[in-house]
Amino acid sequence: MKFYRFVFLMVTLAFCLLVAACEDTNIQLAAEAGMDAVKAITLSSKAVASLSEQSARYSDGQNEVASAGNSYAKRLLGLVGEHLLEDGVEFNFKVYLDPTINAFAMGDGTIRIYSGLMDILSDDELLFVIGHEMGHVVKQHIRKKMRLAYAGSAIRMKGRLQFLL
């Protein structure tokens, strides 16, 4: 916790020096850059899960989700039924009825498989894809990507601030 306080103080100090250095500084942009830098450093698993849950709800609302009685949903459940909880992570599997050839995972255990992908894969191949997506969740790859995104955003904003100066 001391490390995070130190980082917060350094970001605050840098912000103050930046604002004091030039009266034309875009304060909102500087504040956003500082906040993204702090988010990149302090992003918690709980925050990732919350953002993932919101994203999953949005994505599910934008796509047609296979009902429990659908043949795609039955096939997926038959393959993963015993693996809904692995390494302390509760997985939430659904199928999107869409010809897209894709699958994705989110930080809260959400895994979505497109019916287009299921159409071209055997059960063994589909199990490989599902295991791959589960690995992203268990190894927290999503959290790492979100941290990189926040850090990249802070760096881009810092570049815009320097351009304005």
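Among the numbered criteria (1) farther than 22 Å from His136 by Cα; (2) modelled with pLDDT of 80 or more; (3) crowded, with 16+ Cβ neighbours inside 10 Å, which one does Ala37 miss?
Single failed check for Ala37: (2).
Residue-wise test of (1) in a helix (DSSP H, G or I); (2) within 25 Å of Gln140 (Cβ to Cβ).
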site	(1), (2)
Lys46	yes, yes
Ser52	yes, yes
Ala56	yes, yes
Ser59	yes, yes
Lys74	yes, no
Leu77	yes, no
Phe93	no, yes
Ile101	no, no
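Collect the residues in the range 52-74 that are among the aromatic types (Phe, Trp, Tyr) and surrounded by 14 or more Cβ atoms within 10 Å (Cβ to Cβ), keeping them in residue-number order. Show your work before the answer.
Of all residues in the range 52-74, those among the aromatic types (Phe, Trp, Tyr) come to 58, 72.
Correct list: Tyr72 only.
In the range 86-132, which residues are farther than 18 Å from Lys46 by Cα and of a type in the set (Gly, Ala, Ser)?
Matches in the range 86-132: Ala103, Ser115, Gly116, Ser122, Gly131.
Output yes when any residue across the range 85-95 is over 18 Å from Gly135 (Cα atoms) and either of a type outside the set (Lys, Arg) or modelled with pLDDT of 85 or more (or both), and no when none is. Step through it out loud before you land on a result.
The initial filter retains those residues of the range 85-95 that are over 18 Å from Gly135 (Cα atoms), namely 95.
Right, trim to either of a type outside the set (Lys, Arg) or modelled with pLDDT of 85 or more (or both) and you get 95.
Yes, the range 85-95 contains at least one residue that is over 18 Å from Gly135 (Cα atoms) and either of a type outside the set (Lys, Arg) or modelled with pLDDT of 85 or more (or both).
Being touching a Ser or Thr at 6+ places or on another chain (Cβ under 9 Å), buried (at least 17 other Cβ atoms within 10 Å of the Cβ), modelled with pLDDT under 90 and not acidic (Asp, Glu), is that true of even one residue in the range 124-142? Walk me through it before giving the result.
So in the range 124-142, the residues touching a Ser or Thr at 6+ places or on another chain (Cβ under 9 Å) come out as 137, 140, 142.
Going one step further and asking which of them are buried (at least 17 other Cβ atoms within 10 Å of the Cβ), we end up with 137, 142.
Next, from what is left, pick out any that are modelled with pLDDT under 90: 137, 142.
Filter once more, keeping what is not acidic (Asp, Glu): 137, 142.
Checking the range 124-142: at least one residue is touching a Ser or Thr at 6+ places or on another chain (Cβ under 9 Å), buried (at least 17 other Cβ atoms within 10 Å of the Cβ), modelled with pLDDT under 90 and not acidic (Asp, Glu).
The values are calculated or read from the model by the stated rules, or taken from the named source; none is laboratory data. All values derive from a computational prediction rather than experimental measurement. Virtual Cβ from ideal backbone geometry, glycine too; neighbours counted across all protein chains shown.
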